[in-house]
Amino acid sequence: MLRVSPLHLLRRLALDFGYLLVGLPLGIAAFTWEVTGWAVSIGTLIVWIGIPIAVLTIAGSRGLAMLERHRAALVYGAALPARYRPFEGSLWERMKALLADTQTWRDVGWNVISLPIGIVQFTIAMLPLSGLVGLAMPLLYRQSSDDGFSVLSTTIDASDVSYFGFTVDSQGLAWLSVAVGIAIIAISLPLIRGVTAGTAAMSRWILSPSREEELEQRVEQLYETRAGIVDTAASDLARIERDLHDGAQARLVALALDIGIAEDKLASGDHDEALKLMAEARAEAKRANDELRHLARGIRPPLLADRGLEAAVRELAQRNPLATTVSIDVAERPPVNVETAAYFVVSEALTNATKHSGAASATVRVTRIDNRIEIEVRDTGTGGADPDGAGLAGLRRRVEALDGTLTITSPADGGTILRAEMPCGS
């Protein structure tokens, strides 16, 4: 049987009470903005001033709707999502897209009905306070020759005090108010929960994308990430081909030539020159092996495959010329593709910090929380990193291909913070 602690219930009640209490002022602001904005814009439409006023009204409407989405976090634990059409093309095309966006009119609709909803919410939120007044009635009532109430040293005639339909003009009726107050509180607590859940569900239905819109957005994301995967794979293949052609392949060709010349020298009896050529061939074979090892490390480092992310990242930090502090908490190894992507996020970030930032030190933090892995790399460099640069853009595509996100904060006054988050299964 599921048991809920009293502390959890009190916290839930406080959040619900706050949600209902904010509804009225937010509803007044939203209703006033919509009625005033649209009345002025429609009234001045004939002289074209109404068009920019309408655009301004829609912008404010979206802002108020976003406040409502964030208010829903008191109920759902996170703000409601929003999906607006992107603005592209000329100014006229953007304005048409703005007016044709169904989410725009959902926002307007919610803002208009938010005032009566806010009144209901505020009334429900005040019920427990009315119940508390009933509980305090015997303490306020003062028996005297002029039967009345004493509030803040001020005597109020009992005939002027009523509580839910009856005049409290005796001590017995004051105690009856206690029973009424208890009943009101008992009724209002589940009522607060029900009204909160109902209005939050209504706002979610109106202000959140529909199921079809969510699927459409998901298809768009998959299309973009698929394109990113294709671009990343093509870029990696081109890099591997280039490294093979310019590195290991060239060294193997030189190795074959040296061995061929050495064979000719042996056949002609020039053993000393043949031995010299064989020594050079041995050195060339070693360099080719190093090239191949480096190439394999660029695909998936052997240390990462054998010992996991922590050992590979710490080895990266040891090889990095910057003073690098590493903090890793990954109790369970993530899937291979996520692990590889996380490794290259750290590798690219440290490489950029070393080559371009002029940093003296860096900090790497890798954490697995539930079903996602979080990576953060900070450096003390000059900042100003371009998030759309070739290296970081490729890294972002690699992360987004795994349904992850990558953000870069690099102010011009110094320091760069790269954060990546990827789902890694249960």
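The values are calculated or read from the model by the stated rules, or taken from the named source; none is laboratory data. This one's a predicted model, so the numbers in the text were calculated from it and none came from an experiment. Cβ atoms come from the backbone with ideal geometry, glycine included; neighbour counts cover every protein chain shown. Heads up: the accessible areas ignore ligands, DNA and RNA and are worked out on the full protein's heavy atoms, side chains in. Shrake-Rupley method; radii C 1.70, N 1.55, O 1.52, S 1.80 Å.
Put a dot 7 Å past the Cα of Gln249, heading toward its Cβ, do the same for Thr32, and the two dots end up 7.3 nm apart. Residues Tyr343, Tyr84, ordered by accessible area of protein heavy atoms at a 1.4 angstrom probe radius and largest first, appear as Tyr84, Tyr343. For segment 43-87, the residues whose backbone nitrogen is under 12 Å from a point 7 Å from the Cα of Glu93, taken along Cα to Cβ, are 87.
Any idea of the accessible area per residue across segment 269-426, 1.4 Å probe, to the nearest Å²? Numbers along the way, then the final one.
Numbers: 8200 Å² over 158 residues.
Each residue of segment 269-426 exposes 52 Å² on average to a 1.4 Å probe.
In order along segment 62-74, the Karplus-derived 3J(HN,Hα) couplings, from 6.51 cos²θ - 1.76 cosθ + 1.60 at θ = phi - 60°, round to 5, x, 5, 5, 5, 4, 5, 4, 6, 5, 5, 5, 5 Hz, and Gly and Pro are given as x.
Report the net charge of residues surrounding Ile124, where surrounding means a beta-carbon distance below 11 angstrom and charges are Lys +1, Arg +1, Asp -1, Glu -1.
Working: positive: Arg193; negative: Asp16.
Around Ile124, the surrounding residues sum to 0.
So between Thr405 and Arg282, what do we pick up on full extension, going 0.36 nm a residue minus the alpha carbon distance? Present the calculation step by step, with values, prior to reporting the outcome.
On the way: separation 123, 0.36 × 123 = 44.28 nm, distance 4.66 nm.
Fully extending the segment from Thr405 to Arg282 adds 39.6 nm.
For Asp264, the solvent-accessible surface with a 1.4 Å probe is about 100 Å², rounded to the nearest 10.
Accessible area of Ile46 (1.4 Å probe, protein heavy atoms only, ligands and nucleic acids ignored): about 150 Å². Stretched out straight at 0.36 nm per residue, the stretch from Lys355 to Leu21 would grow longer than its current Cα-Cα span by 114.8 nm. For Thr324, the residues 5 or more places off, or on other chains, whose built amide H falls under 5 Å of its own are Ala362.
If a spin label sat at a point 7 angstrom from the Cα of Glu310 along the line to its beta carbon, the backbone N atoms of segment 332-348 nearer than 13 Å would be those of 332-334. Provide the solvent-accessible area of Trp33, counting protein heavy atoms only and rolling a 1.4 Å probe, rounded to the nearest 10 Å². Using a 1.4 Å probe on the heavy atoms, I get roughly 100 Å².
Net charge near Val112: determine it from the other residues with C-beta under 13 Å of the C-beta of Val112, scoring Lys and Arg +1 and Asp and Glu -1. That sum, taken over residues with Cβ under 13 Å, equals -2. Protein-only accessible surface at a 1.4 angstrom probe places the residues Ile417, Ile187 in the order Ile187, Ile417, largest first. Applying a DSSP loop filter and a limit of 15 other Cβ atoms within 10 Å to the GluC sites (Glu not before Pro) in segment 294-382 leaves Glu332. For Ile373, the residues 5 or more places off, or on other chains, whose built amide H falls under 5 Å of its own are Met422, Cys424.
Could you tell me what percent of the accessible area of segment 303-386 is made up of carbon and sulfur, with a 1.4 Å probe and every protein chain present?
In segment 303-386, the share of accessible area belonging to carbon and sulfur is 46 percent.
Prolate is the label for segment 336-426, because a/c, from the alpha-carbon gyration tensor with a ≥ b ≥ c as root eigenvalues, is 1.5 or above and a/b exceeds b/c.
Of the residues Met126, Met422, ranked by 1.4 Å probe accessible area with the largest first, the sequence reads Met126, Met422. Loop-located GluC sites (Glu not before Pro) in segment 65-127 (DSSP state not H, G, I, E or B) with no more than 14 neighbouring Cβ atoms inside 10 Å: Glu88.
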